[in-house]
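Have a look at the structure below before the remarks.
Taken together, the values in this text are just the output of simple stated rules run on the coordinates, not laboratory data. On a predicted model such as this, the values are computed, not experimentally measured, just so you know. Cβ coordinates were reconstructed from backbone atoms using ideal geometry, including for glycine residues, and neighbour counts include every protein chain displayed.
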Amino acid sequence: MLRYFLLCAALLAVACNSDKPGGIPGPSPEPSGKDIVDQVSQYDARPFDGEKRAGVFYEIYVRSFADSDGDGIGDLNGVTAKLDYLDDLGVAGIWLLPIYTCDSEHGYDVIDYTAVNPDYGTLADLENLVAEAHKRKIRVILDFVPNHTSHYCPWFVEACKSAGSPYRDFYHFSQTAKPGWIAVPSGTTDWFYQGVFDRSMPDLNYGPAASCEQSGAFVALTDAAKFWVGKGVDGFRLDAVKHIYDSDTSDENPTWLGKFYSELNAHFQGKSALGFKDIYMVGECWMATEQMAGYYKGLPALFDFTAWADRLLYAIQNDHAKWFPKDMIAEREVFAAERPDFIQATKLSNHDESRARTEVGGSHAVSLQRCKMAAAVLLTSVGSPYIYYGEELGFFGDKTEKGGDRNVREPMLWKP
Ligand SMILES: [Ca+2]
Ligand SMILES: [Ca+2]
């Protein structure tokens, strides 16, 4: 109820600004950096009481977050060294973008699902990070990639060698060149394979969804996830779940997700260092509300892209919040029809989008005010809110400009 009241107050503030020229008033002329620091420090007057009521998650791109050994690459020990900072922010969970061996900056082309990227450190570093996070009652969830592997993954390398390889069924192969399919690079070079995102990321094959748990790929992926549960990990963010099966509107993907969740959740029972009964598992399902809702049949939590974040940022950009509360209530009813205890994972932006500060637009001062407004709504709405690292400092970042993803995955600032 308190959250609902705060949300209404925040939205009313947006709506009340709509009759003022230029929308949200900002200081004029443009404030200096010192002015902004002074402004922000006003809010520091009330000390944080340590109660993490909102269960806020914090998304970390390890490569850019904190470098512990001076090699210029962020690493797991760097994250560990900043846990007190995150604890002071009130963070109750961290989501690490992929930490596995890979052949890219982003890490979504996994070579070995149970090996730590040496750029980031060692398995012992990860275990230490998890233990230190748990001391601060911070959960750790790992990004997990069920749709595809790297083409350097040993499963794929072996699968390419012969049609009789035990790993052949891990992927989709065909002797017919289908649209978007790619010629096998070695071994059975007269065959083609499916790689929806890129030739370097062949799609995994789980067979019919109804019996997917019998496929070698499903067993291998669940075994890898269980390995991390054994290391104390509290859950997973599942990448690109609408692509696991080709049809994103059939029951196949929710069926796969339900089986994966059930198996991991059963394995998780009794292993939570923080006393959680269930494993936390949130899916990336970038679809309209009605299509996305069906995915709650499989998973307890989903990121809300189009319905929540886009509408909120639109409302704030346009000083027009008339429809946002109504839409928000309506979509929750749609989700509840699929899963009564659904978790709505809310956020302003993530590593795949332009940063919220850039999206809300306006001058330096106006965008700052608008970002505070967006954060107020994010942190007082129902759901499981996520902060993307740097958002708390008002980072800018335009993914559509030259530089692309790097514009929104820049190094964290630790010094003024
Ligand atoms: Ca480093
Ligand atoms: Ca797929």
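Going from the alpha-carbon gyration tensor of segment 148-203, what semi-axes, largest first and in whole Å, does one get by taking the root of 5 times each eigenvalue? All intermediate terms of the calculation are to be shown ahead of the outcome.
Details: eigenvalues 44, 35, 15 Å².
The equivalent ellipsoid of segment 148-203 has semi-axes of 15, 13, 9 Å.
Tell me, how many Å apart are the Cα centres for segment 50-79 and for segment 373-416?
14 Å
If you add up the charges near residue 214, with Lys and Arg at +1 and Asp and Glu at -1, over every other residue whose beta carbon is less than 11 angstrom from its beta carbon, what do you get?
Details: positive: 259; negative: 169, 213.
My count for the surroundings of residue 214 gives -1.
Between residue 364 and residue 262, what is the label-point separation in nm under the 7 Å Cα-to-beta-carbon projection?
Output for this residue pair reads 5.7 nm.
Using amide H atoms built 1.01 Å from N in the peptide plane, name the residues 5+ places from residue 196, or on other chains, whose amide H lies under 5 Å from its own.
Amide H to amide H, under 5 Å and 5 or more residues apart or across chains, residue 196 pairs with 203.
Calculate, in nm to one decimal, what residue 106 and residue 329 gain on full extension: separation in residues at 0.36 nm each, minus their alpha carbon distance.
Values: separation 223, 0.36 × 223 = 80.28 nm, distance 3.51 nm.
That works out to 76.8 nm of additional length.
Tally Lys and Arg at +1 and Asp and Glu at -1 over the other residues with C-beta under 14 Å from the C-beta of residue 86: what net charge comes out? Present the calculation step by step, with values, prior to reporting the outcome.
Details: positive: 52, 82, 135, 136, 137, 139; negative: 59, 84, 87, 88, 132, 391, 392.
Net local charge, residue 86 excluded: -1.
Hey, can you grab everything whose amide H is under 5 Å from the amide H of residue 102? Only 5+ residues off in sequence or another chain; H modelled, so Pro and N-termini drop out.
Counting only residues 5 or more places away or on other chains, the set is 111.
Need one number: nm distance between label points at residue 161 and residue 71, each 7 Å from Cα along Cα→Cβ, rounded to one decimal.
It works out to 3.0 nm between the two label points.
Residue 388's amide H: which non-local residues (gap 5+, or another chain) put their own amide H closer than 5 Å, with H modeled 1.01 Å from N in plane and none for Pro or chain starts?
Those lying under 5 Å, H to H, from residue 388 are 59, 348, 349.
So what are the ³J(HN,Hα) numbers for segment 203-217, from phi and the Karplus equation (6.51, -1.76, 1.60; θ = phi - 60°), rounded to whole Hz, Gly and Pro as x?
Ordered by residue, 3J(HN,Hα) equals 6, 7, 10, 9, x, x, 4, 4, 10, 4, 5, 8, 7, x, 5 Hz.
Can you give the local net charge around residue 342? Use residues other than it whose beta-carbon is closer than 12 angstrom to its beta-carbon, Lys and Arg +1, Asp and Glu -1. Could the numbers behind the result be given before it?
Numbers: positive: 297, 332, 339; negative: 304, 331, 333, 338, 341.
Computed value for this residue: -2.
Between segment 261-275 and segment 155-185, what is the C-alpha centre distance in whole Å?
Centre-to-centre distance over Cα atoms comes out at 34 Å.
Relative to the longest principal Cα axis of the chain, at what angle does helix 123-135 sit, 0 to 90 degrees, rounded to 10?
Between helix and principal axis, roughly 40 degrees.
Subtracting the Cα-Cα distance from 0.36 nm times the residue separation, let me have the gained length for residue 405 to residue 322 in nm, one decimal.
On the way: separation 83, 0.36 × 83 = 29.88 nm, distance 3.28 nm.
Gain in length upon complete extension: 26.6 nm.
Regarding the chain, what is the average projected area of its C-alpha convex hull, in nm²? Could the numbers behind the result be given before it?
Values: hull surface 85.3 nm².
The number I arrive at for the chain is 21.3 nm².
Hey, which of these cross-link pairs are over 22 Å Cα-Cα: 297/326; 52/372; 137/372; 82/271; 161/259? Please list the in-between numbers first.
On the way: 297/326 24 Å; 52/372 19 Å; 137/372 26 Å; 82/271 25 Å; 161/259 30 Å.
Too far apart for the 22 Å limit: 297/326; 137/372; 82/271; 161/259.
In whole angstrom, how far apart do the alpha carbon centroids of segment 100-120 and segment 318-370 sit?
Computed from Cα coordinates, the inter-centre distance equals 31 Å.
Of all DSSP beta bridges located in the chain, what percent are antiparallel, nearest 5? Intermediate values should be presented prior to the final figure.
Numbers: 10 of 37 bridges.
The antiparallel proportion sits near 25 percent.
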